[in-house]
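Okay, structure first, notes after.
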Amino acid sequence: MSSVKVEIRPIESKRWHNKTGQESFTRPKKIQALVDATTMRYATGLSEADIKELAKKGVNYDLSPHYNSEAPHPFWDSGMAIIKLENNTMFFDNDNPLDYIKVRVMKASKYVANSMAEYDLGMWPEATHVIFDEAEQASVMASKVEQKNTAIIEASKLSLDRKVQLILVLGGKNMKNQSADFVAVELDKIITKDAGEFLRF
């Protein structure tokens, strides 16, 4: 187990009350390890090696993933195993055994995306929170900057007519008979909003 603080953030999305971030009053979500209908075992995210390592550190919870329909699991069905996903950034310390267990459960949960990159690819459609990785986020941002720079270079090669066509297709605005400067400003807005979409066209 690595000594690292794990950051969990809520995924910003439009709520019925139209408030986001600090203003949002969305209720916390409670999750726990659920029983996988295929294997009939708790989806804990813990490997056998994890359980052995935790036992060496003095953790004496019953972390076995075995499900018994006739009796609640001593750990996975207890209040101790419930994770409260707050509507703000939370930190979990992997050096703390209970935090480590909770992080593993979150990684196995459909409600917590393992990264923003995977969430953006549609891999976690039910996720309300994301495990935030600073290095991964920096890499994603660098990729977006590179994409925008490429889009600007490509845009500079286009004729005014082609730019007007692209603005109509991507932005839904008819820029015919507008000045070159006006067209350039509008095209820049489109590139800033989604350089990838611009480059595809």
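Odds and ends about this structure:
- With respect to the stated conditions, Ile152 is outside the structural domain of Ile31 (by TED's automatic domain parsing) and among the β-branched types (Val, Ile, Thr).
- Output for the range 170-201, where each listed residue is charged (D, E, K, R) and assigned to a helix (DSSP H, G or I): Asp181, Glu186, Asp188, Lys189, Lys193, Glu197, Arg200
- Residues of the range 149-175 that are surrounded by 11 or more Cβ atoms within 10 Å (Cβ to Cβ) and more than 14 Å from Phe201 (Cα to Cα): Asn149, Leu160, Lys173, Met175.
The values are calculated or read from the model by the stated rules, or taken from the named source; none is laboratory data. Please read these numbers as outputs of a predicted model, since none were measured by experiment. Please note: Cβ atoms are built from the backbone with ideal geometry, for glycine as well, and neighbour counts cover all protein chains shown.
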